[in-house]
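Bear in mind that the values in this text are calculations on the coordinates, not laboratory data. Here the structure is a predicted model, which is why all the values come from computation and not from measurement. Cβ placement follows ideal geometry from the backbone for every residue including glycine, while neighbour counts extend to all protein chains displayed.
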Amino acid sequence: MKKITFVLLIAALMSFLTSCEVNWFDKQYDVPWWMIAVPVVILLAVTWFFGGKYIASKEYVCSKCGKNFYPKWWNAAFSVHINNDRVFKCPHCGRKGFCSPSKKSKD
């Protein structure tokens, strides 16, 4: 029963999202919804990628062992943070917790 409800809900949403009206310089165009959604998703993915690369270029200090490390960009892109401190797993001691950025960065 849940699958049928889910399929009907998706079908109803797709019928509402078959087209969008776009106004461009006092002209109205009718475009499919995916022509708006796809570029937005691509833009978000590219922004997330470069954000992760930027965060991974900073050196972080483990609060337990005190050793410095550079995180992988995908870990940095999906890390939880408060201000500049981010949650990473230390590659040296294995502790997972908030790590502060060091003053150094990759050249």
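Dipole size of the chain about its Cα centre, with +1 on Lys/Arg Cβ and -1 on Asp/Glu Cβ: approximately 1000 debye, rounded to the nearest 20. Working note: 222 nm ellipticity from helices only, DSSP H runs with n ≥ 4, each -39,500 (n - 2.57), summed and divided by the residues of the chain, gives -13000 deg cm²/dmol to the nearest 500. Note that the range 23-36 has calculated 3J(HN,Hα) couplings of 9, 9, 6, 6, 10, 9, 10, 10, 10, x, 4, 5, 6, 9 Hz, one per residue in order, obtained from phi through the Karplus relation 6.51 cos²θ - 1.76 cosθ + 1.60 (θ = phi - 60°); glycine and proline are x. Kirkwood-type hydrodynamic radius, the chain: 17.5 Å, calculated from all non-identical alpha-carbon pairs.
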